[in-house]
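To start, the structure under review is shown below, and the notes come after it.
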Amino acid sequence: MTDRILIIDFGSQVTQLIARRVRESGIYSEIVPFNSVDDALLENFAPNGVILSGGPASVTWEESPRAPQKVFEMDVPVFGICYGQQTMMEQLGGKVETSDHREFGRAYVDIQEDCEIFQGVWATGGKEQVWMSHGDRVGKLAPGFRVVATSEGAPYAVVANDEKRYYAVQFHPEVVHTPHGAELLRNFTHNVCGCKGDWTMAAFKDQAIAKIREQVGDGKVICGLSGGVDSSVTAVLTHEAIGDQLTCVFVDHGFMRQGEAEQVVDMFRNQYNIPLVHRDASDEFLSAIGDSVDPEVKRKAIGKLFIEVFEEEAKKIGGADFLAQGTLYPDVIESVSFTGGPSVTIKSHHNVGGLPERMNMKLVEPLRELFKDEVRVLGEELGLPHSFVGRHPFPGPGLAIRIPGQPITVEKLDILRKADAIYLEEIQKAGLYDAIWQAFAVLLPVRTVGVMGDGRTYDYVCALRAVTSTDGMTADFYHFDHEFLGRVTNRIINEVNGINRVVYDYTSKPPGTIEWE
Ligand code: XMP
């Protein structure tokens, strides 16, 4: 079995980053909420080491969360972070107190003694930057522990029990503001836990294929393709596992970008030989939206029709036992609440929500353990072109939410597609594509007067949007140079009939959103 680290989540905002750091160092890891970890899970998972995350509760409260005691009876190394450190101390016989000296943000720790997790990173006598976020702190050490680093607000900033291989820190090593944090975690997982760091995407792929085969048997699987990376990788991976037991259904709503629908069909049908149903439903989608201009009305109309068309196509091919979909890890992690048990916040980005129950299908979700950038690596491992797996995100309702405030027509979709293609082509040419999270054109419901040649024009305004972001939750507008924007503007006005003015959107998120609708 591959080496694996179990992360027990106490509800910190940054628990996902612990998993990221561990995986980046080549070790498989999973996050499980503290109240879902039982003895059976611990035995089945058989971790090489356990990490206890931070969290918003206070160990001093009655009924505050605890790690299962079995964690400390399994003879595996344990690493506690912030709340994880405090509950570890309390559970092993130490004491936690509420401190007047809270620390939030950047702080410095003094390295007092040598320690296994400091190897090659921090030396005794040094002063090192960390990121703290705590009110409580350890007041009395559990037996067997020694203090190896201190800070002004946390006299027990890092503690160690070398014999048991338990280490615990008050700060957050998983965030980038602790500059050596990733190395400290690596020392724990590699040196203390003895993990080899050989978890690769190739290994993941083989395991995923075996798992799909085992789950599906000789059942039939259907997969909705959207043209996006997640559904495409899901489809190719599933096809490698079970071949033509898989049929892909591409419901083409007609709101795709220039050349996109053709690319999806060509790639899946011709290059991968995956059975593909391509349903061109663009007329139906246009009439479902009708003259609506309200963004929510449009989104709901598109979502509803999507399910209906998908279901129709699924029935035509004789139904399926399983629905494969590209759910990612951030969509499935349960966020932990301390009042009414776990509050399950599962974002469903997928357009086929509700279908599995309606059609009595089970779910195949081979990406549910991966982060977005890991999916991209897996995509390349499966032979998908870099230009495809590295594509910017594209919203489910497509261009229908990029023609705001006006009825959508075939003509306007056409104008927008051309402007958008020129903009993206120039971004590619300038080598900026990978530095930008998302870039696109928006067709505004305004016409302005212009002059071209000797004639008067009265055409649409197009807005250009480009943002940087790490997760789409917050975003900053992209700082193009003026030359670049001038060049794109000229090309759009010269080459796209129907647009005579171009503006750039300088709004960040918040207060704006990335899309205009
Ligand atoms: P906003 O506009 O909310 O967008 O700042 C954040 C990210 O989500 C994408 N987005 C969607 N993705 N279905 C999707 O799959 C949707 O309905 C949808 N709406 C917005 C948006 O493109 C950006 O990347």
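Those residues that are among the aliphatic types (A, V, I, L, M) and in a helix (DSSP H, G or I), I need them from segment 86-122; list them, please.
Passing the criteria: Met88, Met89, Ile117.
Enumerate the helices (runs of 4 or more DSSP H) found wholly within segment 371-485, keeping only those where 2 or more residues are more than 30 Å from the chain's Cα centre (by Cα) and away from the ligand (no atom under 16 Å from the Cβ).
Once the helices (runs of 4 or more DSSP H) in segment 371-485 are filtered for at least 2 residues that are more than 30 Å from the chain's Cα centre (by Cα) and away from the ligand (no atom under 16 Å from the Cβ), what remains is 410-429.
Could you tell me how many of the residues in segment 184-229 are more than 25 Å from Val309 (Cα to Cα), touching an Asp or Glu at 6+ places or on another chain (Cβ under 9 Å) and either within 16 Å of the ligand (Cβ to nearest atom) or of a type in the set (A, V, I, L, M) (or both)?
7
Gly498 fails exactly one of the following numbered conditions: (1) within 11 Å of the ligand (Cβ to nearest atom); (2) within 18 Å of Ala421 (Cβ to Cβ). What is the number of that condition?
(1) is the only condition that Gly498 fails.
Can you confirm whether segment 130-138 contains a residue that is under 33 Å from the mean Cα position of the chain (by Cα), over 15 Å from His172 (Cβ atoms) and in a strand (DSSP E or B)?
No.
Can you give me the number of residues within segment 139-155 that are outside any strand (DSSP E or B) and either at pLDDT below 95 or surrounded by fewer than 16 Cβ atoms within 10 Å (Cβ to Cβ) (or both)?
Selection size over segment 139-155: 6.
For segment 459-473, name all the residues that are of a type in the set (S, T, N, Q) and out of contact with any strand residue (DSSP E or B) (no Cβ under 8 Å at 6 or more places or on another chain).
Of everything in segment 459-473, just one residue is of a type in the set (S, T, N, Q) and out of contact with any strand residue (DSSP E or B) (no Cβ under 8 Å at 6 or more places or on another chain), namely Thr470.
Do you know which residues across segment 266-287 are closer than 16 Å to Glu311 by Cα and out of contact with any helix residue (DSSP H, G or I) (no Cβ under 7 Å at 6 or more places or on another chain)?
The one that is closer than 16 Å to Glu311 by Cα and out of contact with any helix residue (DSSP H, G or I) (no Cβ under 7 Å at 6 or more places or on another chain): Asp280.
Considering only residues that are of a type in the set (A, V, I, L, M) and either buried (at least 19 other Cβ atoms within 10 Å of the Cβ) or in contact with a helix residue (DSSP H, G or I) (Cβ under 7 Å, 6 or more places away or on another chain) (or both), which ones fall in segment 33-55?
Matches in segment 33-55: Val37, Leu42, Val50, Ile51, Leu52.
For segment 44-56, enumerate the residues that are in a helix (DSSP H, G or I) and either in contact with a His (Cβ under 9 Å, 6 or more places away or on another chain) or closer than 16 Å to Val78 by Cβ (or both).
Hit for segment 44-56 is Phe45, nothing else.
With the requirement that a residue be more than 12 Å from the ligand (Cβ to nearest atom), surrounded by 16 or more Cβ atoms within 10 Å (Cβ to Cβ) and among the β-branched types (Val, Ile, Thr), what does segment 501-517 give you?
The one that is more than 12 Å from the ligand (Cβ to nearest atom), surrounded by 16 or more Cβ atoms within 10 Å (Cβ to Cβ) and among the β-branched types (Val, Ile, Thr): Val502.
The values are calculated or read from the model by the stated rules, or taken from the named source; none is laboratory data. Just so you know, these numbers come straight off a predicted model, no measurement behind them. Don't worry about glycine lacking a Cβ; one is built from the backbone with ideal geometry, like all the others, and counts go over all protein chains shown.
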